[in-house]
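Written out below as structure tokens is the structure these notes cover.
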Amino acid sequence: MADRVAYGSLPFKEQIAFFRAKKNVLTEAWTDVWEAEHDHAFMVAGANRIDLLVDLRAAVDKAIAEGTGLEAFRHDFDQIVAKYGWAYNGGRNWRTRVIYETNLRTSYAAGRYAQLQALKAVRPYWRYRHSDAVQHPRPMHLAWNGLVLAADDGWWNTHYPPNGWGCQCTVEALNARDLARLGKTGPDTAPPVDMQEVVVGQRGPHPRTVQTPAGVDPGFGYAPGKSAFERSMPPVPVPPPRAPLVRLTQDTVRKAAQLPALSGAELLAQLLQRPGVAQVLDATFDAWRQWLIGLGLAAATQVPHDDLVLGALDADTVQALVAAGITPASAPIGSGDAALARNAGDVPRVLRKADAVLLDRAGGQLLYVLSGAGSNASVARVQLAQAPGAINAYAGREIVPTAGLQARLASGELVLLRGAL
């Protein structure tokens, strides 16, 4: 069996913060801490000595924060058991997998819950995704695959994954454009929640009668992280409003992405020459960038790369690319990786006013070069889109020596498409 869990093996700061905020709770049975209580309590069934629990927690923390894997956790577990002479229930491999996977997956889900909540203003819909990696899929989990609901739909309170032992289902956030690509005009209707009464822990010291949704294992009928993060999350910044001219410009640019690159470039050149359009785009991008900074890095990385359009390839650049053997997928240039766009400064102006446009064949990128005072130049990199209809993406900005660009141009690493250095 694989050493690492396929889903949730890569730690991130919200996941680690969620786990480390828990309080140690001594228990005799797994039923002693129930559903959302796990957002605040760390427990291992039957670990009723505080020193034992502290060591077990340290081993789980190491597995989450360092991503060390199941076998490394088992090694730590064996040492702890030998140290305390702990007579736990169940086989060693089964018990270690339950402790490891349950804590890893629920903390991962809780961290994702915080990120998804932070994005509701721009991605207000959630889609349920079933993992194909599961060897024995649960029929109802398969039936929920692809279900799209509003992020605030009450269905998520009982069905936000994981929804059982070994469940690897996840949730992804969507916006209105994503729904349109899926052929939807709005969210789906939530399936009915069939609550069933079951008795759990009958073989242990503390059995209890509980209500659990059909298709969800007892104890998993809650949204991991909801009670913890909703109480601690700061107010979510609202995207800056966009003037009618900006909305018109953005819509026109996106439509141009469906045209051949040369046709799109010619159309957008006319648009960008309209009085005030460039200035409004600059101001809107600056407001959007400030909003990203307010979101924070972790949430900003989830913002879609085409959320805001920065500019477009011009016709001369498109024709030069074709002459160089590269046919662009489209003309528009989108905001790219939002983590980069947070520090993008005046990128729209660099794209419009560039003294030269170079092709970096190795990276499949365009370099928009704006010469500055002295020996340095401002360079905005644009990743050329590959798929038909996709938008080219801003890929970073840097200040570089002009002499270095000239040397790379002379060596053939770069190709001059238009302008001059």
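The values are calculated or read from the model by the stated rules, or taken from the named source; none is laboratory data. Only a predicted model underlies this, so the values are computations on that prediction, with no experimental measurement involved. Reconstructed Cβ throughout: ideal geometry from the backbone, glycine too, with neighbour counts over all protein chains shown.
Things worth noting here:
- Residue check for Val193: outside any loop (DSSP other than H, G, I, E, B) and on the phi < 0 side of the Ramachandran plot: no
- Tyr394 passes every criterion in (1) over 25 Å from Gln258 (Cβ atoms); (2) in contact (Cβ under 8 Å) with a residue 40 or more places away in the chain apart from (1).
- Annotation note: Cβ proximity below 7 Å between a residue of region 197-208 that is free of Cβ contacts under 8 Å to residues at least 60 places away in the same chain and not assigned by TED's automatic domain parsing to the domain that holds Glu28 and a residue that is in a loop (DSSP other than H, G, I, E, B) and not hydrophobic (A, V, I, L, M, F, W, C) (sequence gap 6+ or interchain) occurs for no pair.
One line per residue, one yes/no per condition, for (1) within 26 Å of the chain's Cα centre (by Cα); (2) aliphatic (A, V, I, L, M); (3) part of a loop (DSSP other than H, G, I, E, B); (4) over 30 Å from Val210 (Cα atoms):
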residue	(1), (2), (3), (4)
Ala47	no, yes, yes, no
Val54	no, yes, no, no
Ala65	yes, yes, no, yes
Thr68	yes, no, yes, yes
Ala72	no, yes, no, yes
Asp78	no, no, no, yes
Lys83	no, no, no, yes
Glu101	yes, no, no, no
Tyr108	yes, no, no, no
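- Of the residues making up region 119-177, those that are among the charged types (D, E, K, R), surrounded by fewer than 20 Cβ atoms within 10 Å (Cβ to Cβ) and outside any strand (DSSP E or B) number 6.
- Put simply, of Gly412, Gly404, Gly419 the only residue that is more than 32 Å from the chain's Cα centre (by Cα) and loosely packed, with under 12 Cβ neighbours inside 10 Å is Gly412.
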